[in-house]
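First the structure, in the form of structure tokens, and then the observations on it.
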Amino acid sequence: MDNRLDFLRTVAPFDLLPEDVLQGVVGLLQEVHHGREVLLYQQDTSKLRSLDIVAAGSYETFFFDSEQHKRLPEVYGPGTCYGGMSILLNKKRSLRTVIVRAGTRVLQLPRRDFRALCQAYEPFFHYFTARYGERMLDEEYAHFVKPISPPEQNFLVADQLFSRRILTLEVRALVTCSGEEPIYEAARRMAEAKVSCLFVTDAATGAIVGYCTDITLRDSVIAQRLDAARPVADVAATPLVSISDEAYVHEAILLMFQTKTRYLLVERGGQYVGFLSRNKLLSDLAQSPFMFIQAVKQAQSSKELKRRWEMVPDIVNQLLSRGVKADIVNQVISTVADTMALKVIENVLAELGPAPARFVFMVLGSEGRKEQTLLTDQDNAIIYEDKANEQRELVRAYFLRFATAVSDQLDHIGLHFCTGGFMAKNPKWTHSLSYWKSYYRQWMSESNPETVMQFATFFDCRYLYGEKSLMDELQTFLHGELAQPLDRFLFYMAKNALQYEPPLTSILRNIRTFTQGDHQVFDLKKAMTPIVDLVRVYALQHQLLPTNTGERLAQLGAHGVFKEKECQELLQAYYYLMGMRLQQQARQIINDRTAPTNYLDPTTLTQVEQVTLKEIFKVIGDFQLKIKVNFTKSL
């Protein structure tokens with residue numbers, strides 16, 4: 001080609017090079033013709049000897065999945081380059097499978113010369129690394145690129161546990177009985193069907209309204225010497241807990257632990273199609289993390305709970321090493337912590353005697369969002385029902401004793417005291433429902449920068465134990481308050497989301513660090529905080545009350561607040577950082593025998609990780625700009 005120089009001037013990123021350098025590059029190019037269609041490179045196998053610049057024709061590129069289906073196909077036509085990311089960031093191995101079309105003409109720049117250009121010209125090098133970082137924010141792309149090296153021993157029986165949906169399982173058929181039927185008839189049907197759970201229906205509508213189990217018959221009938229001729233509705237248990245058959249197996253098991261139910265109704269198209277038994281699922285999972293949660297549930301002492309909590313870092317490390325997503329690992333940690341807190345609460349109630357009023361023990365912050373890491377502390381509060389004046393002091397004194405005992409035991413186990421004092425043992429955070437309503441009303445109507453920053457964690461509250469109706473009433477109240485004009489409140493919430501800037505310098509887009517001991521580090525938690533804050537403020541603006549960041553993003557996407565691409569980028573960015581944070585903390589505990597931190601030295605990261613981080617920080621910065629436009633200029 002006589003016009004190679006003119007052609008190169010139109011090809012990114014060669015158009016960024018000085019003219020004299022570009023003239024030198026022309027002399028290094030080797031021209032290759034492909035007369036027929038061939039498989040040129042195989043993903044993660046073929047080593048690239050050059051950067052390929054397509055001059056005519058095309059490359060068809062894609063990933064092969066486990067069933068040899070083409071995934072994420074992409075065509076590289078004239079004026080495009082293939083191989084830069086592979087050479088720089090994948091140990092010279094082709095990231096994708098490439099088929100070259102017949103009649104394609106390619107200019108090849110030898111690998112050695114390509115790397116020399118990257119070392120000499122930062123913008124040229126950055127073109128490839130930035131593209132890679134952008135691609136890695138696509139969950140499907142990252143799935144095929146990220147290498148997975150499972151350890152020999154792990155807490156997973158099979159990867160299917162985290163990829164298999166309930167609809168692939170054989171669910172148990174529903175055995176039902178009208179609530180008007182006698183208890184002995186219900187027991188007879190259970191014996192005949194060889195099931196340990198029977199579902200009780202409404203006599204008029206046929207709708208399932210409760211359930212009866214072997215334990216129900218033992219505790220509520222035989223132990224109480226109840227007449228077995230009485231209607232089974234008298235002993236039917238509630239509430240019913242159900243899950244879609246589109247959900248994953250791990251979601252069903254976590255839901256069972258979170259709701260303390262042994263039986264889960266399976267729903268399809270608005271109809272119940274069967275049920276799942278927790279014992280049956282767990283027996284199929286051998287040494288899975290869910291058997292570990294079951295062991296926590298059966299622990300008899302604080303000493304045993306403490307020993308179990310000390311095992312969590314190893315489980316986290318093995319789950320991440322196996323390639324399990326960070327949001328699922330978060331759920332496992334949160335469920336273990338929830339289970340331990342529930343055990344402690346039940347033990348304290350047994351020691352102090354029944355509570356003098358209906359109450360809710362709720363969790364806040366990262367625990368409330370189900371986003372706990374291995375560096376976690378207690379964030380909790382208590383709501384109790386309003387009582388007559390003469391009972392108020394008695395009720396309050398009981399719950400403060402109760403909260404102190406719970407917090408002390410949790411601290412002994414390893415779930416340490418909150419340094420900010422956001423715990424139910426603090427008299428400020430144990431109050432009646434009416435008092436809590438006045439708190440929230442004041443925070444929203446009399447907002448200022450200090451209150452918003454201090455109390456944002458209370459907008460991430462989640463029910464854990466007690467009378468859920470109290471929590472529901474508070475949520476209904478919040479929904480109503482959020483429907484009022486709240487420009488001032490949202491303004492300061494948005495300003496709060498802008499407090500932490502992504503640690504990315506404007507010069508050469510390097511990661512900004514600070515000195516910690518002998519290392520230059522950045523704070524992973526602070527890097528993630530803007531995502532938590534900005535997603536929260538949009539959720540509150542639209543009266544969406546989930547607390548989990550991923551669930552909030554999903555609802556914001558469903559309501560058209562964020563575009564699908566925006567949701568995908570934020571989710572991938574958030575959980576990439578979360579995975580890095582969890583892995584760092586697990587290594588500190590297991591390998592270094594030190595207390596976990598949120599600090600990370602970027603020089604310990606691979607080039608791929610550094611590039612991805614820089615792109616993530618750019619995404620966060622772009623969304624912070626969106627918040628500035630949408631909120632802080634609207635007041």
**Message:** Any residue that is assigned to a loop (DSSP other than H, G, I, E, B), aromatic (Phe, Trp, Tyr) and either assigned by TED's automatic domain parsing to the domain that holds GLN475 or surrounded by fewer than 21 Cβ atoms within 10 Å (Cβ to Cβ) (or both) - is there at least one of those in region 556-565?
**Reply:** yes
**Message:** Against the conditions (1) closer than 16 Å to TYR263 by Cβ; (2) in a loop (DSSP other than H, G, I, E, B); (3) touching a helix residue (DSSP H, G or I) at 6+ places or on another chain (Cβ under 8 Å), where does MET190 fall short? Just the number, please.
**Reply:** (2)
**Item:** Unmet criterion (only one of (1) closer than 15 Å to PHE144 by Cα; (2) touching a helix residue (DSSP H, G or I) at 6+ places or on another chain (Cβ under 6 Å); (3) not hydrophobic (A, V, I, L, M, F, W, C)) for GLN42
**Value:** (2)
**Asked** So which residues in region 478-487 are touching a residue at least 60 places away in the same chain (Cβ under 8 Å) and in a helix (DSSP H, G or I), if there are any at all?
**Response** LEU478, HIS479, LEU482, ASP487
**Message:** For the condition of a type in the set (A, V, I, L, M, F, W, C), under 27 Å from HIS143 (Cβ atoms) and touching a helix residue (DSSP H, G or I) at 6+ places or on another chain (Cβ under 6 Å), what is the one hit in VAL537, VAL619?
**Reply:** VAL619
**Message:** Go through (1) part of a helix (DSSP H, G or I); (2) at pLDDT below 95 for LYS387 and report which single condition fails.
**Reply:** (1)
**Asked** Of all residues in region 209-236 being free of Cβ contacts under 8 Å to residues at least 40 places away in the same chain and closer than 30 Å to ARG164 by Cα, which is surrounded by the most Cβ atoms within 10 Å (Cβ to Cβ)?
**Response** CYS212
**Complete:** Output for Cβ contacts, cut-off 8 Å, separation at least six or different chains, first residue touching a residue at least 24 places away in the same chain (Cβ under 8 Å) in region 556-568, second of a type in the set (Ser, Thr, Tyr) and crowded, with 19+ Cβ neighbours inside 10 Å, reads PHE562/TYR538
**Request:** Considering (1) of a type outside the set (Lys, Arg); (2) in a helix (DSSP H, G or I); (3) not assigned by TED's automatic domain parsing to the domain that holds GLY466, say which one GLY206 fails and leave the rest.
**Result:** (2)
**Prompt:** Pick from region 364-404 the residues that are of a type in the set (A, V, I, L, M) and under 31 Å from the mean Cα position of the chain (by Cα): which of them is nearest to MET471 (Cα to Cα)?
**Reply:** ILE383
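This table checks each residue for (1) free of Cβ contacts under 8 Å to residues at least 24 places away in the same chain; (2) surrounded by fewer than 17 Cβ atoms within 10 Å (Cβ to Cβ); (3) not in a helix (DSSP H, G or I).
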position	(1), (2), (3)
ASP411	no, yes, no
TYR435	yes, yes, no
LEU470	no, no, no
THR476	yes, yes, no
PHE491	no, no, no
ALA494	no, no, no
**Prompt:** Which ones in region 575-611 are in a helix (DSSP H, G or I), among the β-branched types (Val, Ile, Thr) and over 23 Å from HIS143 (Cβ atoms)?
**Reply:** ILE589, ILE590, THR603, THR604
**Asked** Where residues in region 538-555 are outside any helix (DSSP H, G or I) and farther than 18 Å from VAL329 by Cα, which of them is modelled with the lowest pLDDT?
**Response** LEU545
**Fill in**
By residue number, the members of region 252-267 that are out of contact with any Asp or Glu (no Cβ under 7 Å at 6 or more places or on another chain) and in contact (Cβ under 8 Å) with a residue 60 or more places away in the chain are ALA252, LEU254, PHE257, LYS260, ARG262, TYR263, LEU265
**Asked** What residue, of LEU540, LEU600, LEU553, is aliphatic (A, V, I, L, M), buried (at least 18 other Cβ atoms within 10 Å of the Cβ) and free of Cβ contacts under 8 Å to residues at least 40 places away in the same chain?
**Response** LEU553
**Candidate set from region 236-250 (those that are over 16 Å from THR261 (Cα atoms) and either part of a loop (DSSP other than H, G, I, E, B) or of a type in the set (Val, Ile, Thr) (or both)); member that is nearest to the chain's Cα centre (by Cα)** = ALA247
**Request:** Within region 357-371, identify whether any single residue is assigned by TED's automatic domain parsing to the domain that holds LYS468, more than 30 Å from ALA247 (Cα to Cα) and not in a strand (DSSP E or B), and answer yes or no.
**Result:** yes
**Item:** strands (runs of 3 or more DSSP E) wholly inside region 46-132 that include at least 3 residues being touching a helix residue (DSSP H, G or I) at 6+ places or on another chain (Cβ under 7 Å)
**Value:** 50-56
**Message:** So, GLN520, is that one in contact with a Leu (Cβ under 6 Å, 6 or more places away or on another chain) and either closer than 26 Å to THR376 by Cα or outside the structural domain of HIS126 (by TED's automatic domain parsing) (or both) or not?
**Reply:** no
**Message:** Just checking, does region 380-388 include any residue being on the phi > 0 side of the Ramachandran plot, crowded, with 24+ Cβ neighbours inside 10 Å and assigned by TED's automatic domain parsing to the domain that holds GLN409?
**Reply:** no
**Request:** Pick out the one residue from THR597, THR547, THR505, THR515 that is of a type in the set (Ser, Thr, Tyr) and closer than 30 Å to LYS91 by Cβ.
**Result:** THR505
**Asked** Among (1) closer than 22 Å to ARG462 by Cα; (2) not in a helix (DSSP H, G or I), which single condition is VAL535 missing?
**Response** (2)
**Asked** Which residue pairs have Cβ atoms closer than 6 Å, lie 6 or more positions apart in sequence or on different chains, and pair a first residue in region 122-135 that is in the same structural domain as LEU89 (by TED's automatic domain parsing) with a second residue that is acidic (Asp, Glu) and surrounded by 18 or more Cβ atoms within 10 Å (Cβ to Cβ)?
**Response** GLY133/GLU615; GLU134/GLU615
**Asked** Which members of region 342-369 meet the condition of being within 19 Å of GLU310 (Cα to Cα) and crowded, with 24+ Cβ neighbours inside 10 Å?
**Response** GLU367
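The values are calculated or read from the model by the stated rules, or taken from the named source; none is laboratory data. What you see is a predicted model; the values in this text were computed from it and never measured. In this analysis, Cβ positions are derived from the backbone assuming ideal geometry, glycine residues included, and neighbour counts consider all displayed protein chains.
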